[in-house]
Amino acid sequence: MARLEQVLQLVSTVDEAAATALASLKQPRPLPTSPPSSSPSTSSSAPPPLADVRSDFVAHLQTLNKEITAISLALKPPVSLEAVKGTLDKLVPILDKLRFVFDCLPRDGSVLAKKITWSAQECLEAFQSYLASTASTLSAPPASAKKERDSQLIATKAVWAVVEKAAALPQDELDAERASWRDTLQLLDDCLDEIKELSQEAEQGADEPEEEEEDADEDDDEDDFGSSRPLSAPERERATAAHLLLRLSRLLVNRLLTRTAPPSPPAALVAPAFLASAHSLISRLSALADDLAAALEPPQDELGEVADELGGVADELAAVIEKAVDGADDAAVTAAEKQWLAMWRKQRDTARAKLEAI
């Protein structure tokens with residue numbers, strides 16, 4: 001018959017296994033030559049497809065989730081130490097399988113691999129909190145037993161939540177990239193709204209009579225990042241031109257998102273090399289959009305430099321897309337994308353000329 005000391009020691013052993021699995025996420029490791037003996041055999045000559053790694057990760061998490069639910073049920077008074085011990089015995093092998101999955105994650109900047117890593121860290125940290133709460137529940141004196149049990153149930157629900165979130169991870173690298181592109185589109189929309197509001201506020205301010213300056217020092221302390229004065233007419237025109245330039249950058253990202261949608265995206269636009277190049281450039285666009293919005297505040301000294309850099313990155317992205325479709329097997333896809341990019345470049349030239357002329 002299981003004794004409390006044995007069960008608590010087993011909880012500690014499981015926690016050590018979880019800590020080891022967590023450490024494997026934070027340090028690059030070579031691909032294992034073979035999986036744990038209880039896992040299906042895989043080839044040692046090449047890493048498994050990332051989509052398979054993701055699938056295994058979610059499957060092992062769900063198994064772990066099932067076992068912690070069983071432990072929580074066994075802790076319902078009257079506590080069954082035998083049932084708790086029997087389930088705890090199953091957890092270390094599950095954690096070993098998870099650790100093997102983590103070792104299979106590529107360290108090449110893959111968006112999906114990063115998402116799996118973040119999810120795994122979140123799950124393991126929640127699991128360790130669950131183990132600590134379980135140990136407290138097992139060793140609690142009668143006076144605090146109910147309080148500890150309630151805390152343990154909360155910790156159980158926290159693990160359920162992160163496992164459910166993990167199950168919603170993108171299915172493959174393309175899905176992960178497209179999710180990141182949607183995030184970028186949202187950020188670009190926010191920046192476009194910010195620029196639009198800045199222009200509108202400046203225009204409204206220009207129509208209002210000026211008030212006498214009073215307590216200026218007090219106002220300066222309220223918002224060090226706000227505009228020190230309304231935009232002048234030329235500055236408003238620059239904001240309008242910058243808005244158009246940023247909108248064209250957004251249009252390019254949205255085009256990619258649309259053209260790579262299921263069920264049959266062009267192979268040239270979902271190839272791993274293309275996705276990696278596009279990811280780098282779109283990440284830079286995202287950062288430069290924030291810089292552009294900030295540069296529109298008076299006196300706009302850095303606007304030209306930021307706008308040039310933004311336009312240059314957008315041009316690079318257009319060139320990467322064009323190069324990809326130039327090698328496409330489908331002539332219709334190549335023609336359609338090149339025609340669209342020609343129209344985009346024409347509008348881009350107009351936006352640049354407008355900004356440079358002010």
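Quick notes
- Solvent accessible area, Å² - THR334, 1.4 Å probe, full protein context: 20 Å²
- Multiplying the residue separation of ARG107 and LYS157 by 0.36 nm and removing their Cα-Cα distance gives an extension gain of 14.8 nm.
- Using the Cβ-Cβ distance between ALA140 and GLN171 with R0 set to 35 Å, the FRET efficiency from 1/(1 + (r/R0)^6) comes to roughly 0.25.
- Surface listing: LEU4, LEU174, LEU317 arranged by accessible area from highest to lowest gives LEU4, LEU174, LEU317, probe 1.4 Å.
- GNM flexibility winner over the chain from PRO93, PRO142, PRO266 (Cα, springs under 10 Å): PRO142
- Across the chain, the mean sequence separation of Cα contacts (distance under 8 Å, 6 or more residues apart), normalised by length, yields a relative contact order of 16 percent.
- Cα centroid separation, region 142-158 to region 227-290: 49 Å.
- Charged-residue dipole, Cβ positions (Lys, Arg, Asp, Glu), the chain about Cα centre, Debye nearest 20: 3800 debye
- In this calculation the C-beta distance from ALA132 to ALA267 is compared with R0 = 56 Å, giving a FRET efficiency of 0.70.
- Remark: spin-label model distance ASP291-ASP308 equals 1.2 nm, labels positioned 7 Å along the Cα→Cβ axis.
- Exposure rank, largest accessible area first [GLU297, GLU237; 1.4 Å]: GLU237, GLU297
- Nearest 10 degrees, 0 to 90: helix 303-326 Cα axis against the chain principal axis: 70 degrees
- Along region 344-358 the Karplus relation, 6.51 cos²θ - 1.76 cosθ + 1.60 evaluated at θ = phi - 60°, assigns HN-Hα couplings of 5, 5, 5, 5, 4, 4, 5, 5, 5, 4, 5, 5, 5, 6, 7 Hz to successive residues, with x for each Gly and Pro.
- The figure for HIS243 is an accessible area of roughly 50 square angstrom, using a 1.4 Å probe on the protein chains alone.
- Structure-derived mean projected area of the Cα convex hull in nm²: which label, when the choices are (1) 26.7; (2) 16.4; (3) 20.9: (1)
- Nearest 10 degrees, 0 to 90: helix 111-139 Cα axis against the chain principal axis: 40 degrees
- Structural descriptor for region 85-171: relative contact order 32 percent, calculated from alpha carbon pairs under 8 angstrom and at least 6 residues apart.
- The simple Förster model, with R0 at 56 Å and r as the Cβ-Cβ distance, assigns LYS26 and ASP329 a FRET efficiency of 0.85.
- Share of carbon and sulfur in the accessible heavy-atom surface of the chain [1.4 Å probe, %]: 52 percent
- For LEU275, the accessible surface of its heavy atoms amounts to roughly 10 Å² (probe 1.4 Å, protein chains only, rounded to the nearest 10).
- Accessible area per residue, Å², the chain with all protein chains present, probe 1.4 Å: 54 Å²
- Potential lengthening between SER12 and GLN339 on full extension [0.36 nm per residue; Cα-Cα distance subtracted]: 111.4 nm
- Rounded tilt (10° steps) of 81-104 against the dominant C-alpha axis of the chain: 40 degrees
- Which of GLU67, GLU5, GLU322, GLU316 is most accessible, then next, and so on - probe 1.4 Å: GLU5, GLU316, GLU322, GLU67
The values are calculated or read from the model by the stated rules, or taken from the named source; none is laboratory data. All figures in this text were calculated on a predicted structure; none of them were measured in a lab. Note: ideal-geometry Cβ built from the backbone for every residue, glycine included; neighbour counts use all protein chains shown. To get the accessible areas, we keep the full protein, side chains included, count just its heavy atoms, and leave off ligands, DNA and RNA. Shrake-Rupley method; radii C 1.70, N 1.55, O 1.52, S 1.80 Å.
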